[in-house]
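The values are calculated or read from the model by the stated rules, or taken from the named source; none is laboratory data. Source: prediction; values computed, not measured. Note that we place each Cβ from the backbone using ideal geometry, even for glycine, and neighbour counts take in every protein chain shown.
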């Protein structure tokens, strides 16, 4: 089992390779690697990220087959199925790092901002369920900021949404709470920049990591 801090270091190193166009993971995408994984998997990190086609976690962190347990949903929201998926990987595989990764220009966050500002109304009940989960983290961002720069609002809302999802995982599951308390599970929040390719870890990160 890889310690959470070591897993975080691996993700940071992989992202640096990705940004520098020095990907190494493709060398491991071969029949031997696939065969080695037939007997099981031991992903070193769990990534709960957005479904946005521009933010594939394996590429962003330059990892290969079997390295990451990835859960993707619009707006990187946390609903029961996402909590259960994280619980499954943490308990079954002993994975000790969970990363909630949002990204710049997130469509789900943008839709929620527009909805909260009364500029659009989400008609679909299914889409509404996503907006309703993002909204509690976005509304405080809008308070007292009438006429604020839209880009600044968007940036703050993306990070607030990540923090809310990470906090939900830390405190919304008895199993995950126990793993955090007793077994070294670490839940951190991160943001991927579409513009630069850099992943910034900003929430729940140990000071020395």
Exercise for the section: Might you let me know whether region 148-158 holds any residue that is within 17 Å of residue 104 (Cα to Cα), assigned to a helix (DSSP H, G or I), touching a residue at least 24 places away in the same chain (Cβ under 8 Å) and touching a strand residue (DSSP E or B) at 6+ places or on another chain (Cβ under 6 Å)? Expected result: yes
Exercise for the section: Determine if region 74-86 includes at least one residue that is surrounded by fewer than 18 Cβ atoms within 10 Å (Cβ to Cβ) and under 22 Å from residue 160 (Cβ atoms). Expected result: yes
Handout entry: Filtered residues of region 165-202 (kept if buried (at least 17 other Cβ atoms within 10 Å of the Cβ), in contact (Cβ under 8 Å) with a residue 60 or more places away in the chain, more than 22 Å from residue 20 (Cβ to Cβ) and touching a helix residue (DSSP H, G or I) at 6+ places or on another chain (Cβ under 8 Å))
Key = 165, 168, 169, 173, 176, 179, 185, 186, 187, 188, 189
Fill in the blank from the handout: Filtering region 95-125 down to residues that are in contact (Cβ under 8 Å) with a residue 40 or more places away in the chain and part of a helix (DSSP H, G or I) yields 107, 108, 109, 110, 112, 113
Handout entry: Search result, residues across region 134-147 that are surrounded by 14 or more Cβ atoms within 10 Å (Cβ to Cβ) and more than 19 Å from residue 105 (Cβ to Cβ)
Key = 139
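Yes or no, residue by residue, for (1) closer than 25 Å to residue 108 by Cβ; (2) touching a strand residue (DSSP E or B) at 6+ places or on another chain (Cβ under 8 Å); (3) modelled with pLDDT under 95; (4) not in a loop (DSSP other than H, G, I, E, B):
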{"position": "40", "(1), (2), (3), (4)": "no, no, yes, no"}
{"position": "47", "(1), (2), (3), (4)": "yes, yes, no, yes"}
{"position": "55", "(1), (2), (3), (4)": "yes, yes, no, no"}
{"position": "64", "(1), (2), (3), (4)": "no, no, yes, no"}
{"position": "71", "(1), (2), (3), (4)": "yes, yes, no, yes"}
{"position": "78", "(1), (2), (3), (4)": "yes, yes, no, no"}
{"position": "85", "(1), (2), (3), (4)": "yes, yes, no, yes"}
{"position": "91", "(1), (2), (3), (4)": "no, no, no, yes"}
Exercise for the section: Find all pairs meeting these conditions: Cβ atoms under 7 angstrom apart; at least six residues apart or on different chains; first residue within region 42-60 and in contact (Cβ under 8 Å) with a residue 24 or more places away in the chain; second residue loosely packed, with under 15 Cβ neighbours inside 10 Å. Expected result: 52/107; 54/194
Exercise for the section: Would you confirm whether any residue within region 107-120 is surrounded by 22 or more Cβ atoms within 10 Å (Cβ to Cβ), at negative phi and within 15 Å of the chain's Cα centre (by Cα)? Expected result: yes
Fill in the blank from the handout: Quick count over region 9-33, residues being assigned to a helix (DSSP H, G or I), modelled with pLDDT under 95 and closer than 17 Å to residue 56 by Cβ, is 3
Exercise for the section: Would you check which residues across region 129-146 are modelled with pLDDT under 90 and farther than 25 Å from residue 195 by Cα and list them? Expected result: 143, 144, 145, 146
